[in-house]
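Engineer: Please see the structure below; I have some questions.
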Amino acid sequence: MPFCSCRVCADASVNPVGKNARSRPEILVETDRGKFLFEISPDIRLQSARFGLKDISHFLVSHWHFDHLYGLLELHAWSRFTMKGDISIYGSGNTGAWMEKSFAHVPKKVHILSPFVPFDLMGVRVTPFPVHHMRGKDGQGSELASNNTFGYLLEHGGNKVAYLADYYSIPPQSMDLISGADVLIADGTYLFEEHFPPKAEQLGEKDDPDHLHGKNIIDLLQLLNPKKVVFHSITHLSELSHEEMTSKLPQGFYLGFDGMIVIDPSKVR
């Protein structure tokens with residue numbers, strides 16, 4: 001975090017490739033037909049250099065908040081001069097409207113997806129599904145009212161992987177869709193809130209109504225009965241190291257880290 005000297009940030013500053021150096025969420029998906037990225041992280045410039053990412057023109061975006069979309073500004077020159085407008089971004093209707101309003105100068109093709117309507121991307125069956133993340137906009141009168149934040153189910157080679165960006169609740173139909181996934185990749189922003197030190201930022205973040213907090217995260221994900229859970233968006237708020245947090249997780253739950261391989265490509269048919 002900017003200007004932070006807590007023990008986690010201090011370690012990240014001297015060990016920038018260690019597991020405590022946590023950049024914003026981005027997930028690379030590769031098949032024999034191509035590759036695409038989940039999210040357009042503000043850290044995409046550094047991530048693409050560190051991991052040698054090349055020639056990516058398709059992006060799945062969960063919603064329009066800064067940590068999931070604003071790397072689009074870094075892709076302006078890439079899209080304009082190299083791809084010549086061929087960059088394709090997939091997301092919800094409200095995310096598409098936000099991109100057209102806020103990033104009109106970036107050449108792009110915005111593909112608006114409908115909840116529970118699957119499509120093919122690089123040979124992967126992708127099914128978007130709504131989750132509730134913005135209490136002022138989600139429209140709780142209907143299970144399907146959310147056209148703001150999408151999760152995604154990926155099916156390929158016998159593997160079923162579900163991605164949850166940010167959420168405070170998941171509609172029942174979305175729960176049914178992703179139940180029993182081989183891997184569930186989920187937001188872990190407020191993991192171990194009971195360990196937050198009594199500092200101004202930590203105390204303020206405890207009031208965030210648009211995320212699940214603490215033990216409620218684990219309880220909800222266990223209801224989905226996944227074979228494996230991997231957390232993204234690990235913050236410094238608990239001031240626990242990667243190893244300390246890992247030791248407190250239930251069996252089958254893991255902390256994501258930069259460069260982590262979730263499914264070994266050699267094992268995907």
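Engineer: Report whether or not Asn225 is without any contact (Cβ under 8 Å) to a residue 60 or more places away in the chain, surrounded by fewer than 15 Cβ atoms within 10 Å (Cβ to Cβ) and assigned to a helix (DSSP H, G or I).
Structural biologist: no
Engineer: Just one of the numbered conditions (1) closer than 14 Å to Lys228 by Cβ; (2) out of contact with any strand residue (DSSP E or B) (no Cβ under 6 Å at 6 or more places or on another chain) is not true of Glu193; which one?
Structural biologist: So the condition that Glu193 fails would be (1).
Engineer: State which residue pairs qualify: first residue at positive phi and inside the stretch 155-169, second residue surrounded by fewer than 20 Cβ atoms within 10 Å (Cβ to Cβ) and in a loop (DSSP other than H, G, I, E, B) in any location, beta carbons under 6 Å apart, and separation of 6 or more residues or different chains.
Structural biologist: Listed by first residue and then by second, the contacts come to Gly157/Val268; Gly157/Arg269.
Engineer: Collect the residues in the stretch 170-183 that are assigned to a helix (DSSP H, G or I) and either free of Cβ contacts under 8 Å to residues at least 60 places away in the same chain or among the aromatic types (Phe, Trp, Tyr) (or both), keeping them in residue-number order.
Structural biologist: Of everything in the stretch 170-183, those that are assigned to a helix (DSSP H, G or I) and either free of Cβ contacts under 8 Å to residues at least 60 places away in the same chain or among the aromatic types (Phe, Trp, Tyr) (or both) turn out to be Pro172, Gln173, Ser174, Met175, Asp176, Ile178.
Engineer: For Ser233, which of the numbered conditions (1) in contact with a helix residue (DSSP H, G or I) (Cβ under 8 Å, 6 or more places away or on another chain); (2) in contact (Cβ under 8 Å) with a residue 60 or more places away in the chain; (3) more than 18 Å from Phe38 (Cβ to Cβ) fails to hold?
Structural biologist: (3)
Engineer: Could you please find all residues in the stretch 184-222 being more than 17 Å from Thr149 (Cα to Cα) and not in a helix (DSSP H, G or I)? Please lay out each step first, then the result.
Structural biologist: Just the residues of the stretch 184-222 that are more than 17 Å from Thr149 (Cα to Cα), to begin with: 190-207, 213-222.
Tyr190, Leu191, Phe192, Phe196, Pro197, Pro198, Lys199, Lys206, Asp207, His213, Gly214 - these are the residues of the stretch 184-222 that are more than 17 Å from Thr149 (Cα to Cα) and not in a helix (DSSP H, G or I).
Engineer: Among Phe116, Phe129, Phe150, which is in contact (Cβ under 8 Å) with a residue 60 or more places away in the chain and touching a Gly at 6+ places or on another chain (Cβ under 8 Å)?
Structural biologist: After applying the criteria, what remains is Phe150.
Engineer: Which count do you get for residues in the stretch 194-233 that are among the basic types (Lys, Arg) and more than 20 Å from the chain's Cα centre (by Cα)? Don't jump to the end; show me each part of the working.
Structural biologist: Keep residues of the stretch 194-233 that are among the basic types (Lys, Arg), which gives 199, 206, 215, 227-228.
From the residues that got through so far, the ones that are more than 20 Å from the chain's Cα centre (by Cα) too are 199, 206.
The number of residues fulfilling the criteria is 2.
Engineer: Output the helices (runs of 4 or more DSSP H) that fall wholly within the stretch 9-104 and possess 2 or more residues being surrounded by fewer than 15 Cβ atoms within 10 Å (Cβ to Cβ) and of a type outside the set (Ser, Thr, Tyr), or say none. Steps first, please.
Structural biologist: On the way: elements: 44-51, 66-69, 93-102.
Correct list: 44-51, 93-102.
Engineer: Starting from residues that are β-branched (Val, Ile, Thr) and over 13 Å from Asp187 (Cβ atoms), keep the ones in the stretch 210-269 and report whichever is modelled with the lowest pLDDT.
Structural biologist: Val268
The values are calculated or read from the model by the stated rules, or taken from the named source; none is laboratory data. In this text the structure is predicted, and so the values were computed from the model without any measurement. For neighbour counting, all protein chains shown are included, and Cβ atoms are generated from backbone atoms with ideal geometry for every residue, glycine included.
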